[in-house]
Amino acid sequence: FEFGTLAPKVFILEIYLLFIPILGRVIATFLCSGEKEVDLAVQSAKAAFKIWRKKSGMERSRILLEAARIIRERKDEIATVETINNGKSVFEARLDIDTSWQCLEYYAGLAASMGGEHVQLPGGSFGYTRREPLGVCVGIGAWNYPFQIASWKSAPALACGNAMVFKPSPFTPVSTLLLAEIYTEAGVPPGLFNVVQGGAATGQFLCQHRDVAKVSFTGSVPTGKKIMELASKGVKPVTLELGGKSPLIIFSDCDIENAVRGAMMANFLTQGEVCCNGTRVFVQREILDKFTEEVVKQTKKIKIGDPLEEDTRMGPLINRSHLQHVLGFIEQAKNEGAKVLCGGDLCVPEDPKLKDGYYMTPCVLGNCKDGMTCVKEEIFGPVMSILSFDTEAEVLERANDTNFGLAAGVFTRDIQRAHRVVAELQAGVCYINNYNVSPVELPFGGYKMSGFGRENGRVTIEYYSQLKTICVEMGDVESVF
Ligand SMILES: NC(=O)c1ccc[n+]([C@@H]2O[C@H](COP(=O)([O-])OP(=O)(O)OC[C@H]3O[C@@H](n4cnc5c(N)ncnc54)[C@H](O)[C@@H]3O)[C@@H](O)[C@H]2O)c1
Ligand SMILES: O=CCc1c[nH]c2ccc(O)cc12
């Protein structure tokens with residue numbers, strides 16, 4: 001079976017086949033939600049919202065903290081489900097689950113302190129503002145961080161007093177159900193966090209629903225544009241977390257061991273299927289050979305195989321058609337003059353049960369030039385492109401020469417240069433002397449075509465609430481008539 005050829009058929013039948021990337025086999029089938037099911041989910045979320053919005057911030061906080069505690073307690077089980085569904089190593093999946101419960105804890109901490117301001121007006125009159133929830137919010141997720149995406153969207157939404165209907169990617173439908181189970185066990189009203197299953201059609205029904213107040217989307221740029229268009233018809237606010245082709249700039253004065261580790265973190269987590277990956281690695285010419293040699297050495301050491309094994313660090317890609325898509329980029333890179341320094345091949349792990357899984361060896365491409373397809377387009381797989389540069393001004397211009405603007409990184413020991421460079425980089429998230437760390441206290445989101453709105457951090461409260469102004473007259477009405 002090839003997922004690509006089955007996809008149109010399963011849409012017509014409204015049945016999805018759930019492939020397990022580790023084995024390349026179907027392990028389940030599931031029905032996708034149609035218009036009726038979407039409406040039922042939204043109506044039940046609406047009913048739950050009426051109860052939830054009346055609760056105080058402290059009450060909501062207590063329930064979110066309980067949910068965070070249960071996630072911590074069930075971490076290994078959730079991580080295992082995530083690994084079976086997505087293919088990422090269980091070692092990494094556990095880190096994803098940590099960031100998930102931390103997100104719930106963080107917004108539980110903010111829930112009680114959400115408030116407005118009081119403003120004095122002439123003659124003893126005054127005004128005040130209230131921060132109010134939006135209503136039923138929709139979350140639509142990608143397949144690379146299924147549980148984490150659902151957590152990063154639902155935690156601030158629920159903390160602000162909203163309900164949420166969430167649609168995971170049809171490639172990874174399972175772990176979000178565990179999150180729903182956990183919220184229920186923690187004490188949210190039934191229906192407050194609902195999950196619907198399906199693909200584009202289900203997503204469209206959600207975005208168009210008249211009782212949906214907001215859509216938060218994580219996925220590709222083309223889908224993001226469609227969602228923005230649909231939401232605009234109902235004048236619904238949207239948060240878009242989209243793709244990227246982020247630059248990582250390595251200056252010759254850096255700590256080279258840290259820079260190599262940073263480049264590995266920037267490219268090979270979750271089989272390279274990470275939106276904010278620093279896949280354009282610009283290395284200053286003086287250290288190009290040394291850096292490249294070390295990166296290639298480290299890349300060759302990555303243990304590929306069964307992601308459920310403790311020491312595996314790279315599992316299979318999400319599905320066969322994506323694997324072929326990624327390998328196609330490598331073929332094209334070779335044709336355009338890039339040099340494969342390591343990897344880039346199909347990989348058949350020794351264990352015979354894994355022979356049909358979607359494995360490949362992580363790839364480092366040298367001799368890359370700005371105009372090459374591998375440097376311009378998001379590959380969303382384990383492929384690092386190395387480019388050389390000479391001056392700061394030159395690298396800044398080249399780094400910013402893209403329609404994407406999700407993330408960027410710089411490695412240097414010169415702290416003034418580091419801040420000067422990040423101030424010029426057109427990216428929503430910039431790293432100095434590290435890459436791909438995502439503390440929940442810091443906002444995450446893109447510039448340019450990588451999207452808008454933010455997840456995490458205090459600011460996200462503003463994306464899941466609206467401000468009401470109340471103007472209070474303490475004297476008589478002075479009419480102009
Ligand atoms: N910026 C971020 O935070 C972030 C995070 C993860 C992934 N991504 C991006 O996501 C992409 C990979 O994920 P993907 O393949 O799941 O993306 P995708 O855009 O194909 O799908 C994302 C979600 O949207 C749904 N969908 C598809 N068409 C839709 C439509 N017309 N209306 C409503 N919903 C629709 C899908 O079923 C899925 O749940 C990459 O481009 C990656 O960079 C971005
Ligand atoms: O893949 C991109 C970055 C990312 C990692 N985890 C999450 C969770 C939610 C998001 O919207 C994006 C991401």
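The values are calculated or read from the model by the stated rules, or taken from the named source; none is laboratory data. Remember, predicted model here, so these are calculated numbers, not experimental data. Here the Cβ is made from the backbone with ideal geometry for all residues, glycine too, and neighbour counts use every protein chain on show. Surface accessibility is based on the protein's heavy atoms, side chains included, excluding ligands, DNA and RNA. Shrake-Rupley method; radii C 1.70, N 1.55, O 1.52, S 1.80 Å.
Here are a few things to note about the model shown:
- Using the Cβ-Cβ distance between Arg72 and Ile51 with R0 = 30 Å, the FRET efficiency computed as 1/(1 + (r/R0)^6) comes to roughly 0.70.
- Straight-distance candidates among the aspartates and glutamates for linking to Lys448, with alpha-carbon spacing under 12 Å and chain neighbours fewer than 8 residues away dropped: Glu241, Asp401.
- For the range 30-174, accessible area per residue (1.4 Å probe, heavy atoms of protein chains only), Å²: 37 Å²
- The range 14-242 - Debye-derived log10 I(q)/I(0), Cα point model, q = 0.09, 0.17, 0.18 Å⁻¹: -0.37, -1.23, -1.35
- Within the accessible area of the range 14-242 (1.4 Å probe), percent carbon and sulfur: 56 percent
- Computed lengthening from Val459 to Lys225, 0.36 nm per intervening residue step minus Cα-Cα distance: 81.9 nm
- Over the chain: helical MRE at 222 nm, DSSP H runs n ≥ 4 each giving -39500 (n - 2.57), nearest 500: -12500 deg cm²/dmol
- Figure note: Leu442, Leu308, Leu64 ranked by solvent-accessible area, largest first, 1.4 Å probe, ligands and nucleic acids not counted: Leu442, Leu308, Leu64.
- Largest to smallest accessible area among Lys226, Lys297 [probe 1.4 Å]: Lys226, Lys297
- C-alpha long axis of helix 256-268 to longest principal axis of the chain, angle in °: 70 degrees
- Accessible surface calculations at 1.4 Å, restricted to protein heavy atoms, place the range 366-417 at 41 Å² per residue.
- Average accessible area per residue (Å²) across the range 195-336 - probe 1.4 Å, nucleic acids and ligands excluded: 39 Å²
- Share, in percent, of DSSP beta bridges within the chain that are antiparallel, nearest 5: 40 percent
- Extension gain, Lys339-Leu121: 0.36 nm per intervening residue step, less the Cα-Cα distance, totals 71.6 nm.
- Whole-Å distance, taken between Cα centres, linking the range 91-105 and the range 375-408: 29 Å
- Solvent exposure ordering (accessible area, 1.4 Å, most first) of Trp101, Trp152: Trp101, Trp152
- Long-range Cα-Cα pairs in the range 254-337 (distance over 22 Å), rounded percent: 35 percent
- Accessible surface of the range 247-432, 1.4 Å probe, proportion on carbon and sulfur as whole %: 49 percent
- In Å², nearest 10: area of Cys160 left accessible to a 1.4 Å probe: 0 Å²
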